[in-house]
Amino acid sequence: MTDMPNHTTPHNSLLKQDARTVKRNRAETRFKAYGIAAISAGMLMLLILLSTIIGRGTGAFQQTFLTLDVQLLEAKLDKNGNRDLEEIKKVSTFGYAPLMAAAMEAKVAQAGIVTDLKPKELEDILSKDAAAKLRDFVLENTDLIGTSVEFRFLTNSRVDGYVKGRVTRESIANDKNINVAQLDLVDALRADGALEKRFNLAFITGADASDARPEAAGMGVSMIGSLFMMLVVLALALPIGVAASIYLEEFAPKNWITDIIEVNISNLAAVPSIVFGILGLAVFINYMHLPNSAPLVGGLVLTLMTLPTIIISTRASLKSVPPSIRDAALGVGASKMQSVFHHVLPLAAPGILTGTIIGLAQALGETAPLLLIGMVGFIASNPPDGIASGLMDPNSAMPAQIYEWAKRADPAFYERAWGGIIILLVFLVTMNAIAVMLRRRFERRW
């Protein structure tokens, strides 16, 4: 017999989950499901964005061309027959229009196409830029005057839109730029093979165009403007930003003055970019009287905007270097400057390069500061002649060019805006890929 009470304490089995564990596991499963749903939604939005950009922008890389055999009549282009370039230059684009009209009539007759269109209506199928292109070709090849040359002309934006499905016969009911008879001719020329859609390299290498010839507009000159701006940003923001970061992180005393500086740098990184545009307008243009729309001014404005990003990323990279590296360098007799520049800075270089390239990529896509310094009010029709003109002559930039096209009325410009976004995205993705590669190439583990 025993005086102990005869009762047993229930124990949970290790092989069976209790209610609280089941509840926690269910909560964890729900949280994972939420995370997967969030990632899926984000990927879906990204897919929709990319598909929209590519679907609407790829048309800008293709253009409709009409191939014609043009008779370069000596009586029209070089009446004296001495091939003097200065005399040939006196023939304006109006003098080349009859040659193109005759070439159109000959092509229609050769293809056996029956049409009631007048010669002027036949010529109107071509781009307004066609005569200028033909004139430039003749000035570069004066020896071909008097012969027949096969030339590929751009068609106008309405014909190009019709071939791409953007313009329909119903939509041109009130359009004064094209009529149904001209579309019938376009169909006949397509069947003959003279009119076809081809890759348009001029969109990548060419310059902007006026509202009368959107089919001739290109991104090339604005890409050069962006390049010069990025060179200015790289030449100024990188050394200034890295030097300021090294001083604040390694040499500056920790007091209220440096605290104020650090807080202001962090605040500047969050300032809207248009504020920097107002600052650039006030200082660089109104006070220093630098030229409007110049890549130098754009580069200076973007430098001010990029500096906080570079300083913050550089300081984070310097902080990531273990203090033991500094202590070891100082322990073997190195000075403070030697420990920083010989040991700390090389180890922080991958992060510094990454932050710099990301800052440049951010500056490359900025539009608001460029609006205020006039880079959307100038049509860059020719590339710069050299470095000085590339920095000081008025030009545009890729984001400003895209903005300018997007606000124009002709749908062909809207299509080119989407195409410009594709080019800009290619630049941004390339810069970010370079940042990743540089980080992996120079990264050191300790």
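The values are calculated or read from the model by the stated rules, or taken from the named source; none is laboratory data. If you're wondering where the values come from, they're calculated on a predicted model, not measured in any experiment. Counting neighbours? That spans all protein chains shown, and the Cβs are built from the backbone with ideal geometry, glycine included.
Among the residues of region 35-80, the one identified as part of a helix (DSSP H, G or I) and touching a Pro at 6+ places or on another chain (Cβ under 9 Å) is LYS76. Is region 344-365 home to any residue that is closer than 27 Å to SER210 by Cβ and either assigned by TED's automatic domain parsing to the domain that holds ALA244 or within 21 Å of the chain's Cα centre (by Cα) (or both)? Checking region 344-365: at least one residue is closer than 27 Å to SER210 by Cβ and either assigned by TED's automatic domain parsing to the domain that holds ALA244 or within 21 Å of the chain's Cα centre (by Cα) (or both). Only one of the numbered conditions (1) outside any loop (DSSP other than H, G, I, E, B); (2) among the aliphatic types (A, V, I, L, M); (3) surrounded by fewer than 16 Cβ atoms within 10 Å (Cβ to Cβ); (4) out of contact with any Ser or Thr (no Cβ under 7 Å at 6 or more places or on another chain) is violated by ALA181, and that is (4). In this structure, does GLY420 turn out to be over 26 Å from ILE310 (Cα atoms), surrounded by fewer than 16 Cβ atoms within 10 Å (Cβ to Cβ) and small (Gly, Ala, Ser)? Spelling it out, it is not the case that GLY420 is over 26 Å from ILE310 (Cα atoms), surrounded by fewer than 16 Cβ atoms within 10 Å (Cβ to Cβ) and small (Gly, Ala, Ser). Listed by first and then second residue, the pairs with beta-carbon distance under 6 Å, at least 6 apart or on different chains, first residue in region 132-150 and closer than 22 Å to ALA217 by Cα, second in a helix (DSSP H, G or I), are ALA132/THR93; LEU134/TYR96; ARG135/THR93; ARG135/TYR96. Just to be sure before I move on: is ASP160 in contact with a helix residue (DSSP H, G or I) (Cβ under 6 Å, 6 or more places away or on another chain), of a type in the set (Asp, Glu) and assigned by TED's automatic domain parsing to the domain that holds ASP116 in the structure I sent? Judged against the criteria, ASP160 is a match. Only helices (runs of 4 or more DSSP H) whose full extent lies in region 291-351 are considered here, and the ones with at least 3 residues that are among the β-branched types (Val, Ile, Thr) and in contact (Cβ under 8 Å) with a residue 40 or more places away in the chain are 295-320. Within the span defined as region 133-141, one or more residues are more than 32 Å from the chain's Cα centre (by Cα), closer than 29 Å to LEU73 by Cβ, in a helix (DSSP H, G or I) and not hydroxyl-bearing (Ser, Thr, Tyr). Of the residues making up region 80-109, those that are loosely packed, with under 13 Cβ neighbours inside 10 Å and either at pLDDT 90 or above or farther than 16 Å from PHE137 by Cβ (or both) are ASN80, GLY81, ASN82, ASP84, GLU86, LYS90, PHE94, ALA109. Kindly evaluate GLY225 against the criterion of being under 15 Å from the mean Cα position of the chain (by Cα), within 17 Å of GLY420 (Cα to Cα), in contact (Cβ under 8 Å) with a residue 12 or more places away in the chain and part of a loop (DSSP other than H, G, I, E, B). No, not satisfied. Among residues of region 99-111 that are touching a residue at least 12 places away in the same chain (Cβ under 8 Å) and assigned by TED's automatic domain parsing to the domain that holds LYS76, those with a beta-carbon under 9 Å from a residue that is surrounded by 15 or more Cβ atoms within 10 Å (Cβ to Cβ) and basic (Lys, Arg) at least six positions away or on a different chain give the pairs LEU99/LYS76. Taking the criterion of being farther than 16 Å from ALA400 by Cα and acidic (Asp, Glu), the residues of region 192-235 that qualify are ASP192, GLU196, ASP211, GLU215.
Taking region 314-343, which residues are closer than 19 Å to GLU262 by Cβ and touching a Leu at 6+ places or on another chain (Cβ under 7 Å)?
Filtering region 314-343 for residues closer than 19 Å to GLU262 by Cβ gives 314-321, 340.
ARG315, VAL321, listed by residue number.
Quick grid of which residues meet (1) closer than 29 Å to LEU85 by Cα; (2) modelled with pLDDT of 90 or more; (3) in a helix (DSSP H, G or I); (4) out of contact with any Gly (no Cβ under 9 Å at 6 or more places or on another chain):
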site	(1), (2), (3), (4)
VAL114	no, no, no, yes
GLY146	yes, no, no, no
PHE153	yes, yes, no, yes
ARG166	no, no, no, no
ARG169	no, no, no, yes
ALA173	no, no, no, yes
LYS176	no, no, no, yes
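Of all residues in region 232-259, those that are part of a helix (DSSP H, G or I) have Cβ atoms under 6 Å from Cβ atoms of residues that are among the hydrophobic types (A, V, I, L, M, F, W, C) and exposed (fewer than 15 other Cβ atoms within 10 Å of the Cβ), 6 or more apart or on another chain, in THR258/ALA252. Residue-level check: of (1) surrounded by fewer than 17 Cβ atoms within 10 Å (Cβ to Cβ); (2) out of contact with any helix residue (DSSP H, G or I) (no Cβ under 7 Å at 6 or more places or on another chain), SER293 misses just (1).
Table: residues versus (1) modelled with pLDDT of 90 or more; (2) surrounded by fewer than 16 Cβ atoms within 10 Å (Cβ to Cβ); (3) charged (D, E, K, R).
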{"position": "ASP187", "(1), (2), (3)": "yes, yes, yes"}
{"position": "ARG198", "(1), (2), (3)": "yes, yes, yes"}
{"position": "PHE203", "(1), (2), (3)": "yes, no, no"}
{"position": "ALA207", "(1), (2), (3)": "no, no, no"}
{"position": "ASP211", "(1), (2), (3)": "no, yes, yes"}
{"position": "ILE246", "(1), (2), (3)": "yes, no, no"}
{"position": "TRP256", "(1), (2), (3)": "no, yes, no"}
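ARG213 satisfies every condition listed in (1) under 21 Å from PRO383 (Cα atoms); (2) assigned by TED's automatic domain parsing to the domain that holds LYS76; (3) of a type in the set (Lys, Arg); (4) in contact (Cβ under 8 Å) with a residue 24 or more places away in the chain except (2).
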